[in-house]
Amino acid sequence: MLLKRIISDKLSGVWMLISLTAILLIPLFIIAGLYLKSTPLFNHQDFLRLISSSEWQPHKGNFGFWPFIAGSLYVTIIAFALAAPVCLLAAIYLTQFARSAMMRIMLPVIDILAGLPSVIYGVWGILIVVPFISKILAPAFNINTSGYTIFAGGVVLAVMCIPYMLNMIIEVFNTIPMGLKEASLSLGATFWESIKHVVIRKSYPGIISAFGLGIAKAFGETMAVMMVVGNSVQVKFNPFEAGYPLPALIANNYGEMLSIPLYDSALMFGAFLLLIIILLINLIFRYFIYRTRVH
């Protein structure tokens with residue numbers, strides 16, 4: 001019986017170690033595979049030229065990725081600027097002010113929104129957001145546009161990210177011990193001061209983590225953004241102009257344009273760029289989390 005238990009423990013330890021190793025190796029294999037597939041493009045153009053050039057002329061061998069990088073960053077920034085305040089304020093209200101019945105109603109709603117396919121958000125963007133921008137919002141600024149713009153992509157992306165970030169921030173607030181807030185109230189702080197200086201301050205690492213994961217998800221989103229952003233290769237920082245994010249480039253062209261020399265490597269390089277940028281975003285937010293924990 002003792003020998004059987006020892007063997008069972010060792011097998012369990014081996015399986016856990018194998019699972020952990022697989023999780024650690026998968027990102028390395030993905031990075032290595034994308035890099036190797038991008039190598040022919042590196043032999044044709046240097047890395048700095050690839051990410052800084054705006055010339056996208058595949059038939060002439062010019063692959064400039066700056067319009068796609070700028071489009072992805074711009075859409076993501078707009079989405080984050082719209083979604084982050086809504087998520088933070090809604091989480092504060094639901095966990096600190098609202099009745100428990102409201103929370104029981106909202107949690108299934110949040111789960112439903114998180115589970116909707118991205119194509120549904122894209123269709124909603126085409127039916128509601130695009131006409132609103134083209135017929136109401138843009139004319140208010142004396143701008144003529146079709147509505148398929150970077151701003152439309154940012155709005156749709158913000159709505160998609162809200163359930164993820166909101167759910168995480170709610171869970172973070174729920175982990176703060178009630179005793180901390182009660183101690184603050186007993187010392188004479190107002191209810192809002194207790195929330196501001198105790199609950200929110202204690203939740204800084206979790207809030208930053210939620211925002212970081214939200215941005216990473218927004219940056220890599222494909223279908224919904226592709227349907228409303230216009231897919232025009234240009235670098236214009238006007239939100240009422242069309243853009244072309246990196247994920248849309250890969251989704252639109254892979255499998256159709258591969259007869260062009262180096263196009264396959266260019267699309268793999270786009271995926272490689274996407275992975276590296278998301279990795280950098282996560283590292284930056286990990287640094288912020290570390291700084292908030294230290295202080």
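Only the coordinates and a few stated rules stand behind these numbers; no lab work does. Everything numeric here is computed off the predicted structure, so don't read it as measured data. A quick note on method: Cβ atoms are made from the backbone with ideal geometry, for glycine too, and the neighbour counts reach across all protein chains shown.
For the reader, a short list of remarks on this structure follows.
- Anisotropy class of segment 1-131 from Cα gyration tensor, a/c 1.5 cut: oblate
- Put in line by how crowded their Cβ is, counting other Cβ atoms within 10 Å and starting with the fewest, Asp264, Asp9 read Asp9, Asp264.
- Computed label-point distance, nm, for sites Ile30 and Ser8 using a 7 Å Cα→Cβ extension: 3.6
- Loop-exposed trypsin sites (Lys or Arg not before Pro) per DSSP, neighbour cap 16 Cβ within 10 angstrom, longest uninterrupted part of the chain: 100-235
- Selected from Leu73, Val199, Val228, residue furthest toward positive end of dipole (segment 67-294; charges at beta carbon): Val199
- Lys, Arg +1 and Asp, Glu -1 on Cβ, resulting dipole of segment 67-294 about Cα centre, debye, nearest 20: 680
- Other residues with beta-carbon under 12 Å from the beta-carbon of Gly206 carry, at +1 per Lys or Arg and -1 per Asp or Glu, a net charge of +2.
- Extreme residue, positive dipole direction of the chain, given options Ala271, Ala251, Ala218 (C-beta unit charges): Ala218
- Each of Thr95, Thr292, Thr145, Thr39 was scored by other Cβ atoms within 10 Å of its Cβ. Arranged with the fewest first, they read Thr39, Thr292, Thr95, Thr145.
- Adding -39500 (n - 2.57) for every DSSP H run of four residues or longer, then dividing by how many residues the chain holds, sets the calculated 222 nm ellipticity at -22500 deg cm²/dmol.
- Whole-angstrom gap from segment 26-83 to segment 3-24, using each part's C-alpha centre: 40
- Straight-line cross-link reach from Lys202 at under 22 Å between alpha-carbon atoms covers these lysines, not counting any fewer than eight positions away in the same chain: Lys181.
- The spacing between segment 115-180 and segment 243-294, judged by their C-alpha centroids, is 21 Å.
- Cα gyration tensor, the chain - rounded (a/c under 1.5), prolate or oblate: oblate
- Short-range pairs are left out: with C-alpha atoms under 8 Å and at least six residues apart, the relative contact order of segment 38-119 is 14 percent.
- Among the chymotrypsin sites (Phe, Trp or Tyr not before Pro) within segment 72-157, those in coil by DSSP and having at most 15 neighbouring Cβ atoms inside 10 Å are Phe141.
- About the Cα centre, charge dipole magnitude for segment 1-62 (Lys/Arg +1, Asp/Glu -1 at Cβ), debye: 300
- Legend: ranking of residues Ser265, Ser52 from fewest to most surrounding C-beta atoms inside 10 Å; resulting order Ser52, Ser265.
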